[in-house]
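The values are calculated or read from the model by the stated rules, or taken from the named source; none is laboratory data. None of these values were measured; they are calculated from a predicted model. Here the Cβ is made from the backbone with ideal geometry for all residues, glycine too, and neighbour counts use every protein chain on show.
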Amino acid sequence: MRIGVIKAYFKKELLDIYRSKLILMVYIMPSMLLILFGYGIKTEVTHTRTLIIDNDQSKASYDLVSTFEHSKYFNSETKNLSENRALNLIKQDKKDLIIIIPEAFEKHLLKGLKTSVGVYIDGSFPSRAKTIENYVNGVIYDAIMKRSGTEVDRALITINARNLFNQSLRDEDMIVPGVIGLVLLIAPAILSALLIVKEKENGTIFNFYSSPVKKSEFLAAKLLSVLLLHGINIFILFLWAIYLFELPFRGSFLLYIFSSFIYIIISLSVGLLVSIITSSQIVAYVLTLIITIIPGFLYSGMLMPISSMEGESVIEAHIYPVMYYTHILYDVFLVGDGLSASKNLLYLFILMGYAIILLTIGSLLLKKRIV
Amino acid sequence: MNRLQVREVSVSYRKKTGLKPVSLEATGGEIIGLIGADGAGKSSLMHAIAGIKSFDGEIEFDNHIYRSPKEAEKVKGSIGFMPQGLGLILYEQLGVNEHLDFFADIRGIKQDSAFRVYRERLLHMAGLSDFTERQAGKLSGGMMQKLALICTLLHRPKLLLLDEPTTGVDPLSRMELWDILNDIIAKEKTLCIVSTAYMAEATQMYRVLLFEDGEIIDKGKAGELIEKVRPFSYEAAPEPFENSITIHGYTYSLKPLELKPKEPTLNAVFFINFLKKYGPIPEISIVHKDRDEDVPATIMEAKGLTKRFREFVANDHIDMELNRGEILGLLGANGAGKTTFIKMLLGLLPIDEGELFLLGKRIKSANDRQMLKAKIGYVSQHFALYKGMSVRENLRYFANMHRIEPERTSVLIKEYADTLGFYSYLDALPTDLPMGINQRFSVAAAIMHEPVVLFLDEPTSGVDVVARATFWEMLQKLKEEWNIAILITTHYMGEAEFCDRVVLLRDGKKIADDTVKNLYQIHPDAHNFEDIFLDYYNLN
């Protein structure tokens, strides 16, 4: 590789991006997406119309009922109705949630026996139902923990991992890291695809084909431009997350930067692959959007936690690199285990593997001739 | 010496053959010309030699032998390649100087004082010394092409490959391009391979190769080639002879005829080749139509028609008139404003200033045009055909658009296909057909509704000599039979000969408007239209 050649291409690339105003897209799109999604997606549900049927009427059951009554997420009402009549209220769309506390609830708890609280949720909007279920689980678990102060009673209820560290249940905390994972997948991919396809479409690619410029030099110049320009976005998005969306930052900044750069390499390799099979900018643009935005959106964990996925979707989530990166993001923002957690370390290695494999495939498939 | 040897090189694109096996030998200081229509194999050969396309066979240059683009890497340092298309290798956003820096850097040229002198000389020759800061996107077509050429020459290539460097360039810039080339080749002993669509340029070349359908049909010095076909060329016969072609004032025949011989041009080589291969050109006739006599004598009148794209003036106060039974040629280089003008006539672009009258009616709004649609036929640049539909389906679609009854459509399609000679292609897809056939059935699609005026936008660019000649014959007949008015744009200055009147555009301005006869009278020294237009370009 000759530095002079790379420098010449690199300089031309930056001039071109600046003068063609592509620079605006590079810096406005990611922040815009973050702000749009950050404020736009609300999975939070408040004022769930709740009916509690307390068949126990003990101290433990009163505690539980009062926790629901004091929560902004529930508008609860306690009544003694038969189960059937209560369920009818859901059908008539008068209640969203029915909780039935069984007889001898307290007695069982004291004896350490299993007991089950009946929870019926209006399932007409599945994602809302899922959220309500998570809330209910959280509230019941919280109430019981407070009462006994031990982990013994945990076996009674399954609690979604999502609430474990996200106790404040703030939407921003869930959404923002996911959106960063989405944005850094889309934007660098588009830029790198455009930088190469633009030359194909205009015909300037012949300068590369017909000169002694090596493939590695051409690629290095193109990809370095993208890496440099979008590397700055890593910091910009971080600042938005901390100061605009007031996310905590509990992990290592170095891990955040390092994994993000690896992730950008994955993204620009996706763009490189797109540029190989397309020859017009508009097709490259649309194709890149489709293949990045859909998996990015679905498997970043912001809409639905990977842990609550089932079957094929779990496999698919593991195929796309998004999941691994957002896992690390959730860790550095919300948890802070860092590389001491073996899962984070493993995921970081998986990301590096993706970067190496995609980049290698991309550079092997790029041909220095007309195909 | 820079010796190039091409041995049995052939190129194929997926299913199609681009170039059948070709051999060639040349040395430094020569200009080899590749002449032929689009898709005849010129570019394929250039791409193979430049090492940017896989090929079969073997190429040797500078004592390096290569059989693939990969093996060609080692000679790329001494090759300069300029692909087809105006300023194709330039970056719109970069200035002239920035281009030269970029090309010097990617070629790894040491920027010493000798290089700086050479660079200044190139800039001077290209007439770009005063525009070093201007961005490529803001240069005229001719200037872009000159900049592309000096960028290609910057590393002093020993082998220069130029793919149609002069196509669509104005005559003045074309002369300048040739001056630069001749100067460089004389000084640097460069071997230069140039392809062109203009026959007239063959005289600039040391040797020419004539291409057709992926084959070289003849090669040699231009003079020798003409010598070979001299015995077959005659003054046009008044009545058609058997097994001969009579076209554009010539009759070509393989058998001796009782006619006066006529000095042939290179075009004759293509006609004679056609005659040998396929026999005479099938007769073209025009479907009969009753003449409408209530059509006004002036079909179109434009007064001060102007179109602006931001600060750029594409058409600057153009006056023009088109009369019944007249073929009006609208000539000019790429970017001169020909297509913009036609688009304004058709209402595809709004008129910024000026008045337009069609069939005696002032056109102000889209409503005014609605009535006239049935009277206008239009063939767009590159022919607006649907690639996924067969010729028949395309024709049916266009007939349907003009509300022609289905039964009548079937009759018409058969009639037009018979008379214009594309009957056997009716069920083929346009992409599988030669350009000449597409060209004919595009015209059929445009005239099926029997318009009184026909607009054609660059219908002949890239089409081979024989098809182009037959196309002009067809237009002549159409004019005579139907008394139709035809407005045709072209960047082949030579085609002005076939028009009744020509309008010459340059940078959006009209610089000449006269009948062909008058133009020759005003310019008695001119050998051909190229010379006449050069006068006008020099004047303005």
Report, by residue number, each residue of region A:64-82 that is over 30 Å from the mean Cα position of the chain (by Cα) and closer than 13 Å to A:V117 by Cβ.
A:L64, A:V65, A:T67
Among the residues of region A:21-46, what is the count of those that are in contact with an Asp or Glu (Cβ under 9 Å, 6 or more places away or on another chain) and either at pLDDT 90 or above or acidic (D, E) (or both)?
2
What is the one condition in (1) within 14 Å of chain B (Cβ to nearest Cβ); (2) in contact with a Leu (Cβ under 9 Å, 6 or more places away or on another chain); (3) more than 23 Å from A:A189 (Cβ to Cβ) that A:G4 does not satisfy?
(2)
Output for region B:240-282, where each listed residue is assigned to a helix (DSSP H, G or I), loosely packed, with under 15 Cβ neighbours inside 10 Å and touching a residue at least 12 places away in the same chain (Cβ under 8 Å):
B:K276
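Here's the yes/no breakdown for (1) surrounded by 24 or more Cβ atoms within 10 Å (Cβ to Cβ); (2) farther than 19 Å from B:R207 by Cα; (3) at pLDDT below 95:
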| position | (1), (2), (3) |
| --- | --- |
| B:K16 | no, yes, yes |
| B:E25 | no, no, yes |
| B:G28 | no, no, yes |
| B:I35 | yes, no, yes |
| B:A40 | yes, no, yes |
| B:G51 | yes, yes, yes |
| B:S54 | no, yes, yes |
| B:F81 | yes, yes, no |
Yes or no: region B:139-150 includes at least one residue that is among the basic types (K, R), within 23 Å of B:A333 (Cβ to Cβ) and away from every other protein chain (no Cβ under 14 Å).
yes
Take the conditions surrounded by fewer than 20 Cβ atoms within 10 Å (Cβ to Cβ) and of a type in the set (K, R) and apply them to B:K74. Does it pass?
yes
Reported set for region B:391-445 where residues are among the polar types (S, T, N, Q) and free of Cβ contacts under 8 Å to residues at least 40 places away in the same chain is B:N400, B:T409, B:S410, B:S424
Being modelled with pLDDT of 95 or more, β-branched (V, I, T) and touching a helix residue (DSSP H, G or I) at 6+ places or on another chain (Cβ under 7 Å) is the requirement here; does A:V213 meet it?
no
Conditions (1) surrounded by 13 or more Cβ atoms within 10 Å (Cβ to Cβ); (2) under 18 Å from B:L210 (Cβ atoms) -> B:Y234 fails only (2)
Name the residues in region A:237-258 that are closer than 16 Å to A:P30 by Cα and surrounded by 15 or more Cβ atoms within 10 Å (Cβ to Cβ), would you?
A:L237, A:F238, A:W240, A:A241, A:L244, A:F245
Which of the numbered conditions does B:E73 fail, given that it passes all the others? Conditions: (1) part of a helix (DSSP H, G or I); (2) at the interface with another protein chain (Cβ under 8 Å from one of its Cβ atoms); (3) touching a helix residue (DSSP H, G or I) at 6+ places or on another chain (Cβ under 9 Å).
(3)
Among the residues of region A:197-233, which ones are β-branched (V, I, T), buried (at least 20 other Cβ atoms within 10 Å of the Cβ) and more than 14 Å from every other protein chain (Cβ to nearest Cβ)?
A:V197, A:V226
Does A:F333 satisfy the condition of being modelled with pLDDT of 90 or more, more than 17 Å from A:S269 (Cβ to Cβ), surrounded by 17 or more Cβ atoms within 10 Å (Cβ to Cβ) and assigned by TED's automatic domain parsing to the domain that holds A:I262?
yes
Can you tell me which of A:K59, A:K72, A:K79 is in contact with a strand residue (DSSP E or B) (Cβ under 9 Å, 6 or more places away or on another chain), away from chain B (no Cβ under 14 Å) and charged (D, E, K, R)?
A:K79
Looking only at region B:96-104, decide whether some residue is at the interface with chain A (Cβ under 9 Å from one of its Cβ atoms), in a loop (DSSP other than H, G, I, E, B) and either surrounded by fewer than 21 Cβ atoms within 10 Å (Cβ to Cβ) or at positive phi (or both).
no
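Which residue is farthest from A:A220 (Cα to Cα), if the candidates are limited to region A:7-35 and must be of a type in the set (G, A, S) and either within 11 Å of chain B (Cβ to nearest Cβ) or touching a Cys at 6+ places or on another chain (Cβ under 8 Å) (or both)?
Looking at residues that are of a type in the set (G, A, S) and either within 11 Å of chain B (Cβ to nearest Cβ) or touching a Cys at 6+ places or on another chain (Cβ under 8 Å) (or both), I get A:S20.
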Before we move on, is A:S279 in a helix (DSSP H, G or I) and either among the polar types (S, T, N, Q) or within 14 Å of chain B (Cβ to nearest Cβ) (or both)?
no
Strands (runs of 3 or more DSSP E) within region A:45-103 that include 2 or more residues not hydrophobic (A, V, I, L, M, F, W, C)
A:48-54, A:74-78
Check on A:G301, on the phi > 0 side of the Ramachandran plot, in a loop (DSSP other than H, G, I, E, B) and touching a helix residue (DSSP H, G or I) at 6+ places or on another chain (Cβ under 6 Å):
yes
Any residue that is more than 13 Å from the chain's Cα centre (by Cα), at pLDDT 85 or above, more than 17 Å from A:L184 (Cβ to Cβ) and not in a helix (DSSP H, G or I) - is there at least one of those in region A:312-327?
no
Return yes when B:T203 is in a loop (DSSP other than H, G, I, E, B) and surrounded by fewer than 23 Cβ atoms within 10 Å (Cβ to Cβ) and no when it is not.
no
Note on region B:76-91: residues part of a helix (DSSP H, G or I), within 31 Å of the chain's Cα centre (by Cα) and within 9 Å of chain A (Cβ to nearest Cβ) are B:K76
In region A:232-285, which residues are of a type in the set (V, I, T) and closer than 30 Å to A:R369 by Cβ?
A:I264, A:I265, A:I266, A:V270, A:V274, A:I276, A:I277, A:T278, A:I282, A:V283
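In region B:1-55, what residues are assigned to a loop (DSSP other than H, G, I, E, B) and more than 14 Å from chain A (Cβ to nearest Cβ)?
B:M1, B:N2, B:K15, B:G28, B:G29, B:E30, B:G36, B:A37, B:D38, B:G39, B:A40, B:G41
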